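For reference, the structure is listed below as structure tokens.
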Amino acid sequence: MSDLACDRCGRSLLVFEDVRYEVVIRVTAAYDPLELDLDTIAKADVSAELERLARAVGKKTAQELEDEVWKELKFDLCGRCQREYLKDPLPRRPDP
């Protein structure tokens, strides 16, 4: 018997299923191009900005910093959960 189970419903994948599905979700920071002109750069206090960023970084763990930029999640699904996932991969949250 295998320990491989559907991450959504918990069913054993190799005992009850002929095929399993793998879902890979990759979340990356999306950066828009910066629009800077020479006047903006000349007026910027670069050292103050670097100090501010260093303080902000110092308050977070390495894992928190990494998760803000890139995170990959992998899940195994049975056939039933795969079909349900494909119908609504990103369910809407109710309005607060």
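The values are calculated or read from the model by the stated rules, or taken from the named source; none is laboratory data. Please read these numbers as outputs of a predicted model, since none were measured by experiment. Glycine gets a Cβ as well: all are built from the backbone with ideal geometry, and neighbour counts include every protein chain shown.
The set of residues in the range 13-24 that are under 26 Å from the mean Cα position of the chain (by Cα) and surrounded by 12 or more Cβ atoms within 10 Å (Cβ to Cβ) comprises LEU13, ARG20, TYR21, VAL23. Quick one: would you say LEU90 is part of a helix (DSSP H, G or I), within 24 Å of ALA30 (Cβ to Cβ) and out of contact with any Gly (no Cβ under 7 Å at 6 or more places or on another chain)? No; evaluated as a whole, the condition is false for this residue. Within the range 52-90, the set of residues being under 16 Å from CYS9 (Cα atoms) and among the hydrophobic types (A, V, I, L, M, F, W, C) comprises PHE75, LEU77, CYS78, CYS81, LEU86.
Would it be correct to say that ARG8 is within 19 Å of LEU73 (Cβ to Cβ), at pLDDT 90 or above and part of a loop (DSSP other than H, G, I, E, B)? So ARG8 fits the description; yes.
Residues in the range 58-75 that are more than 17 Å from the chain's Cα centre (by Cα) and surrounded by 10 or more Cβ atoms within 10 Å (Cβ to Cβ): LYS60 alone.
Picking from residues in the range 25-57 that are loosely packed, with under 10 Cβ neighbours inside 10 Å, at pLDDT 75 or above and of a type in the set (Lys, Arg), the one that is farthest from the chain's Cα centre (by Cα) is ARG55.
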